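Comments concern the structure below.
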Amino acid sequence: MQISSSLLENAVNEFARLPGIGKKTALRLVLHLIKQSPEDVQRFTNTIDRMKKEVLFCTVCHNISDSNLCNICGNPSRKKETICVVETIRDVIAVESTQQYNGLYHVLGGIISPLDGVGPDQLNIETLLQRIQKGDVEEVIFALSPNIQGDTTIYYIQKKLGSGHVKVTTIARGISFGGELEYADELTLGRSLQNRMPVEKYVSH
């Protein structure tokens, strides 16, 4: 792609670093910004800069937040006895969009994947165990992407939990094996939550 301006080319290269953005899409975005007023562009850059500097993560569930406690953990109408364990913040958004779940969340920040160098110590597993050990949790729902890494993560955490008073379930196989949770349509994901099953029937030992 031949670009006559180095300033334009640098901007295109930065936009192209974003996930799912190719050079052609990046060029369209940059050309759009060039056409905007200085005030609009300044507002755009200020918003991104402020987000990066001020965004926080919930000290309880690790969801993204504007304060130390996210609006889900701080909502008194949410069912405190149920925790839905997800891989990423994107998955919280996906589950919330189904409007089929009214409990709390716990964001692991990834899944166990030895080939990618991701072990249990690099995930938010210990804080999950601490939340459960307080005794207020009745059910833990694993809503991880249905693949080998997701199954490994579920099996590891289940073993850490042991045979306690907590019911451990996982979303049903409405999500195809090998897929990613965030790309599931809302209806399929909602049904998978409603038809969740005990982990023992899901994870092969």
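Observations on the model:
- Hey, Thr82 of a type in the set (Ser, Thr, Tyr), modelled with pLDDT of 95 or more and not assigned by TED's automatic domain parsing to the domain that holds Phe142 or not: no
- Sole exception among (1) crowded, with 16+ Cβ neighbours inside 10 Å; (2) touching a Gly at 6+ places or on another chain (Cβ under 8 Å); (3) assigned to a loop (DSSP other than H, G, I, E, B) for Cys84, by number: (3)
- Failed item in (1) at pLDDT 90 or above; (2) surrounded by fewer than 21 Cβ atoms within 10 Å (Cβ to Cβ); (3) in a loop (DSSP other than H, G, I, E, B); (4) at negative phi, with Tyr156 passing the rest: (3)
Condition check ((1) assigned to a helix (DSSP H, G or I); (2) of a type in the set (Val, Ile, Thr)) across all residues:
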| residue | (1), (2) |
| --- | --- |
| Asn10 | yes, no |
| Gly20 | no, no |
| Lys24 | yes, no |
| Leu27 | yes, no |
| Val30 | yes, yes |
| Ile48 | yes, yes |
| Lys53 | yes, no |
| Leu69 | no, no |
| Gly74 | no, no |
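- Any hit, the range 109-127, residues being touching a residue at least 40 places away in the same chain (Cβ under 8 Å), in a helix (DSSP H, G or I) and surrounded by 14 or more Cβ atoms within 10 Å (Cβ to Cβ): yes
- Hey, Ile132 in contact with a Lys or Arg (Cβ under 9 Å, 6 or more places away or on another chain), outside any loop (DSSP other than H, G, I, E, B), in contact (Cβ under 8 Å) with a residue 12 or more places away in the chain and surrounded by 14 or more Cβ atoms within 10 Å (Cβ to Cβ) or not: no
- Take the conditions (1) more than 24 Å from Leu123 (Cβ to Cβ); (2) assigned by TED's automatic domain parsing to the domain that holds His165; (3) surrounded by 13 or more Cβ atoms within 10 Å (Cβ to Cβ); Gln99 misses just one of them, which is (3).
- Val95 being farther than 30 Å from Asn13 by Cα, under 16 Å from the mean Cα position of the chain (by Cα) and among the aliphatic types (A, V, I, L, M): yes
- Selection within the range 8-62 - surrounded by 14 or more Cβ atoms within 10 Å (Cβ to Cβ) and under 24 Å from the mean Cα position of the chain (by Cα): Phe15, Ala16, Ile21, Phe57, Cys58, Val60, Cys61, His62
- The residues of the range 65-92 that are under 13 Å from the mean Cα position of the chain (by Cα), under 18 Å from Val168 (Cα atoms) and hydrophobic (A, V, I, L, M, F, W, C), listed by number, are Cys84, Val85, Val86.
- Any hit, the range 66-85, residues being polar (S, T, N, Q) and in contact (Cβ under 8 Å) with a residue 60 or more places away in the chain: no
The values are calculated or read from the model by the stated rules, or taken from the named source; none is laboratory data. Owing to the predicted nature of the structure, the values given are computational and were not obtained by experimental measurement. In this analysis, Cβ positions are derived from the backbone assuming ideal geometry, glycine residues included, and neighbour counts consider all displayed protein chains.
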